[in-house]
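Q: So that we are looking at the same thing, I have put the structure below in structure tokens.
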Amino acid sequence: GDRRLPASARRRAADQVRFSIESAARHEAKLIHDLIVEAAGSASPGQFYVNDLETLEHQMDSGFTLKAYAGRSLAGILHVHYPEPSQSHAQRVGDHFDAADVAHMDIAAVLPEFRGYGLMELLLIHAEEQLEVNSQRFALYATVAPGNAPSIRSFEFCGYERVDDTNIHGIHQRHVFRKLLPHAAYRHASAPLQD
């Protein structure tokens, strides 16, 4: 599952497992949290920072969560968080975007048996489509543990670029990735980026 598959092979693999994507409701926070805990349990130490259920519920109040099913089995989730100005990754890396323009691809988790099929990429694509249709946010950021090669490949596969490194909670080293959605050019062409 950790091998990078060529695009054609990934498509063939995805055809073997059909995923459906739905929006998660706030009352499903425990279901989402349980999946995150289970996914983190099979990851290398330091790849996941798992918040408690109360924190997740608070995060779900500001943004949206997608859940992926393979048949009737919950396979993975992606939470997109709308940050407060002081917590925006744009500010952290020196990009000149208002917090109202920013979305964090904040929590992504795929259960071990569903890894290797491009599910994280599928979730990212669905999230981007939802942001383009329902939101004015176009500057997307994510943080990934340096040792989490599958997640790094997924973000790069979807057009994110690594723009910085940071620490989360003061102790967890993370790469910062950024992607600008196409409608950014129409709305914020004058916003300079710092590289």
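The values are calculated or read from the model by the stated rules, or taken from the named source; none is laboratory data. Here the structure is a predicted model, which means the values were calculated and not measured. A quick note on method: Cβ atoms are made from the backbone with ideal geometry, for glycine too, and the neighbour counts reach across all protein chains shown. Accessible surface areas use protein heavy atoms only, side chains included; no ligands, DNA or RNA. Shrake-Rupley method; radii C 1.70, N 1.55, O 1.52, S 1.80 Å.
Q: Can you check what the net charge comes to around LEU111, using other residues whose Cβ is under 14 Å from the Cβ of LEU111 (Lys, Arg +1; Asp, Glu -1)? Before the final figure, lay out the partial values.
A: On the way: positive: LYS67, ARG72, ARG115; negative: ASP34, GLU38, GLU113.
Around LEU111, the surrounding residues sum to 0.
Q: Right, another one. With the full set of protein chains in place, find how many percent of the accessible area of the range 38-146 is carbon and sulfur; take the probe as 1.4 Å. Numbers along the way, then the final one.
A: Details: 2100 of 4670 Å².
Exposed carbon and sulfur together represent 45 percent of the surface.
Q: Same structure again: Considering only protein heavy atoms, what per residue accessible area in square angstrom results for the range 39-102 with a 1.4 angstrom probe? Write out the running numbers ahead of the final one.
A: Values: 3010 Å² over 64 residues.
Spelled out: the 1.4 Å probe surface of the range 39-102, per residue, equals 47 Å².
Q: Then there's this: Below 15 angstrom from the Cβ of HIS27, what's the summed charge of the other residues (Lys, Arg +1; Asp, Glu -1)? Before the final figure, lay out each step's value.
A: Numbers: positive: ARG26, LYS30, LYS67; negative: GLU22, GLU28, ASP34, GLU54, GLU57, ASP61.
Result for the local shell: -3.
Q: List the relative contact order of the range 34-126 as a percent without decimals, with contacts defined as Cα pairs under 8 Å and 6+ residues apart. Before the final figure, lay out each step's value.
A: Values: 114 pairs, mean separation 26.4, N = 93.
Relative CO of the range 34-126 lands at 28 percent.
Q: Putting +1 on Lys and Arg Cβ atoms and -1 on Asp and Glu Cβ atoms, find which of HIS96, VAL110, ALA70 reaches farthest to the positive end of the dipole of the range 62-113.
A: Of the options given, the answer is ALA70.
Q: Ranked from highest to lowest mean number of other Cβ atoms within 10 Å per residue, what is the order of the peptides 106-118, 64-76?
A: Working: 106-118: 20.2, 64-76: 17.6.
My ranking of the peptides, most packed first, is 106-118, 64-76.
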